[in-house]
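Each remark here refers to the structure printed beneath this line.
The values are calculated or read from the model by the stated rules, or taken from the named source; none is laboratory data. Small disclaimer: the values here were computed from a predicted structure and weren't measured. In this analysis, Cβ positions are derived from the backbone assuming ideal geometry, glycine residues included, and neighbour counts consider all displayed protein chains.
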Amino acid sequence: MYIRICQEKGSEPQDSVLRELQEHRDTSTRQRLDVSTQTLSLESCQVLGLLLENDVTFTHVILSDCMLNEEGAKLILQGLRSNSVVKYLDMKGNNLRGDSAEALGKLLRQNSSITSLILEWNNLGMWEEGFSMFCDGLSCNQTLQKLDLRNNQINHKGGEELSTALKRNFTLQEIDLRWNNIGLLGGRAILNCLQNNRSIMKMELSGNNIPSDILKTIEQGVDHNQDRLTVRKDHVNQRQILTKEVQNLKQEKNKQFLDLMGTIDKQKEEMCRSTRTTTLQIGKLQEALEDRKSVVNSLTTKLHMADAALTLSQQKAQDLELILTQTKRDGANLREQLAKELRKDKEEFATRELRLRQELAAANEKTLVYRSKVEELERKGSGQQEQLFELKQELTNTSAELKLRAIQAEERLEAEKKRFRQAQDDASVLRQKESEHMTRHLEDNERAAQERIQRIEATKLALEEELNRMKMTLANERAQTEEEIQKARSAAQQEEHQHSTVLQDKIRTLTQSRDQSQAQVLQQKQLAGELQAQNNQLGLEIEGLKRRIDGLQQEISKKDQERLTEVTKVRVELQEQIGHLEAELTTQEGFKEKISALERQQKAQANTHRETLLDKESEISSLMEKLRLKDAEILRMRDQEAQRASLLQSAVLNYISTPLGSPGGRT
């Protein structure tokens, strides 16, 4: 194995190591690898580390005075980390320092087989960081029992770190710290650690400049640990002895108990034999009585069972009656709730219709007001045009300009007429849509109400009457609304017709006045400027009125949208209420079916209970007759036995009373 690893690494095998391995091969019982006092190269250290990593034969590895490098010691210790067989490791006199101390700490942290470690004549204490890593590994180790750290230049800080490691380690039993420089502080730290550590049985501290009193106290602490160990061993031995004695006593008691149980069993068998003969006769007599008692008990139990079944059936009937009453109450409450909801819906619908009618009336009033204003303005315009007709003769030079302005005014008037007509047409269309929407909504409501009436007619006649009344009221309201809508339409049409006729008359008058004004323009030059100014003011007023009309139209559109949203909300609420009502009706139908099924079950159970009670009563009467007959037989048997006993007594008395010498007496 060693030669193969050397070939793989490309290094030559060392003769001393080969000899040691050959000797181990020749003597198979030898389990030591002793390479002491032989200088090992770095390559041989690497090969040894790889060999010891998976080795299973060597339990003792001796590497003392081998002049190892830091790197060589690292490689060997790295291989020993995963080894689980080596128990004894000797690395004395190898001048190990900081890196080697860190490697030793890792070895102690990971290895779980080494029990004895000798590190004499090294320099582990010179580098504080490395020695602290070594102490950390020692604190985590749980297998090491012996540690030799002589001549390692450990100072008081190293002693303190060792003390902290020994506080956590509870497996180390022997430690040798001679010929170091631990001093007073290190000695105190070690003394403090002995208060927690009770596993150390031997500690050597000579040559460390520690005062004698501290050394004595440390020795006393070690002695205390030894005494504890001896006491513990004695306690364990005594415990083992006591357990053995207790086991012996248990065995003896078990034997005595078995003997007693045997004797008791024998006595019981004898008693059983004696009692059997007596119990046989008593048993025969008791059997007859027990048979009769069993029959009577069975009959009584049957009666109790029948009573219990009757009580249960009565309780079930009461529970069903309670359920029926509760369902009836729930049905009545539901009906009341439905009637209240219908009333609320009617009231809300009436209020909304009133609001809409009020808004329509207000809009109509506003339109009438604006129409009156327009008529006043037109009257003013007609008066001004008459004045213009009078001044036509004077304004011959400005006739062309006035004609242009007149044409523009006519165009504006025609545009305003067109806008007004469009507004009226839009209002009429909106009114028609609203009326159609209201009629559709009313038709949907009527259909939903009819469907509800058809479903509720099967349940109760009272709801039919209420729904018929609702239908009548809805029909009346519908007729009223239709009449109002028709009236509004006729009024709007009449107003439009009158307005169109008035406008046509005005147009005619305007044309006539225009002809007259052309003749009078020349005469009214002075008044033209004033009239122009008045025309400008009137144009501004007309523009303001147009803006107001636009704002009013926007307000009307907003109100129409709000009204549509309210109508949709009402529809959604009505549909939700219809769905709730349908669900409640289905639940009521399910409750009715369950109640009918329970009533049927109750009737069937009552019939079965009655039949069983009749059968049981007939059985009880037959059994009572049998009992009477048997009681009469028992009385007869008792009388016969009493007669026999009296005859026997008389015969015995006669036999005793006769003298011995009599012919019929005793011989």
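Applying the condition of being over 30 Å from Ala332 (Cα atoms) and among the β-branched types (Val, Ile, Thr) to segment 554-596 and asking which residue is surrounded by the most Cβ atoms within 10 Å (Cβ to Cβ) yields Ile556. Restricting Asn181, Asn196, Asn192, Asn248 to residues that are assigned to a helix (DSSP H, G or I) and within 18 Å of Thr164 (Cα to Cα) narrows the list to Asn192. Checking each residue in segment 608-623 for being hydroxyl-bearing (Ser, Thr, Tyr), exposed (fewer than 15 other Cβ atoms within 10 Å of the Cβ) and under 54 Å from the mean Cα position of the chain (by Cα) picks out only Thr608. Scanning segment 482-489 turns up one or more residues that are polar (S, T, N, Q) and modelled with pLDDT of 70 or more.
Scanning segment 281-297 for residues being over 30 Å from Ala606 (Cβ atoms) and either modelled with pLDDT of 80 or more or of a type outside the set (A, V, I, L, M, F, W, C) (or both) gives a total of 10. When you look at Arg571, is it of a type in the set (D, E, K, R), part of a helix (DSSP H, G or I), closer than 30 Å to Glu359 by Cβ and out of contact with any helix residue (DSSP H, G or I) (no Cβ under 6 Å at 6 or more places or on another chain), yes or no? When the stated conditions are applied, Arg571 passes them. Selection within segment 1-52: residues that are touching a residue at least 24 places away in the same chain (Cβ under 8 Å) and touching a His at 6+ places or on another chain (Cβ under 9 Å). The member of this set that is farthest from Glu70 (Cα to Cα) is Gln31. Yes or no: segment 145-166 includes at least one residue that is in contact with a Ser or Thr (Cβ under 8 Å, 6 or more places away or on another chain) and part of a loop (DSSP other than H, G, I, E, B). So far as segment 145-166 goes, yes, one or more of its residues are in contact with a Ser or Thr (Cβ under 8 Å, 6 or more places away or on another chain) and part of a loop (DSSP other than H, G, I, E, B). Going through (1) in contact with a Phe, Trp or Tyr (Cβ under 8 Å, 6 or more places away or on another chain); (2) surrounded by 22 or more Cβ atoms within 10 Å (Cβ to Cβ) one by one, Ala103 falls short only on (1). The residue pairs whose first member lies in segment 604-627 and is farther than 17 Å from Ala308 by Cβ, whose second member is surrounded by 15 or more Cβ atoms within 10 Å (Cβ to Cβ), and whose beta carbons are closer than 6 Å, counting only pairs six or more residues apart or on different chains, are Leu623/Leu299.
Count of segment 148-160 residues, restricted to those that are under 60 Å from the mean Cα position of the chain (by Cα) and surrounded by fewer than 22 Cβ atoms within 10 Å (Cβ to Cβ), is 2.
Looking across segment 501-530, the residues that are under 26 Å from Tyr370 (Cα atoms) and either modelled with pLDDT of 70 or more or surrounded by 13 or more Cβ atoms within 10 Å (Cβ to Cβ) (or both) come down to Thr501, Val502, Leu503, Gln504, Asp505, Lys506, Ile507, Arg508, Thr509, Leu510, Ser513. If you check Leu258 against the conditions, is it assigned to a helix (DSSP H, G or I), touching a helix residue (DSSP H, G or I) at 6+ places or on another chain (Cβ under 7 Å) and more than 30 Å from Ile634 (Cα to Cα)? The answer is no for Leu258.
Considering segment 534-545, and only residues there that are among the hydrophobic types (A, V, I, L, M, F, W, C) and modelled with pLDDT of 75 or more, the residue that is farthest from Lys373 (Cα to Cα) turns out to be Leu540. In summary, strands (runs of 3 or more DSSP E) completely within segment 1-114 and bearing 3 or more residues that are closer than 24 Å to Asn152 by Cα occur at 60-62, 88-90. Within segment 203-216, the set of residues being crowded, with 16+ Cβ neighbours inside 10 Å and among the polar types (S, T, N, Q) comprises just one member, Asn208.
Selection of first residues in segment 571-584 that are within 16 Å of Lys340 (Cβ to Cβ) and of second residues that are among the polar types (S, T, N, Q) and at pLDDT below 80, restricted to Cβ pairs under 9 Å at least 6 apart or on distinct chains, gives the following pairs, ordered by first then second residue: Leu574/Asn445.
The residues listed here are Thr243, Thr278, Thr300, Thr327; of these, the one that is assigned to a helix (DSSP H, G or I), at pLDDT 80 or above and β-branched (Val, Ile, Thr) is Thr243.
Residue count for segment 118-144 satisfying the condition of being among the aliphatic types (A, V, I, L, M), outside any loop (DSSP other than H, G, I, E, B) and closer than 13 Å to Leu96 by Cβ: 4.
In this structure, is Arg600 assigned to a helix (DSSP H, G or I) and within 30 Å of Tyr370 (Cβ to Cβ)? No; evaluated as a whole, the condition is false for this residue.
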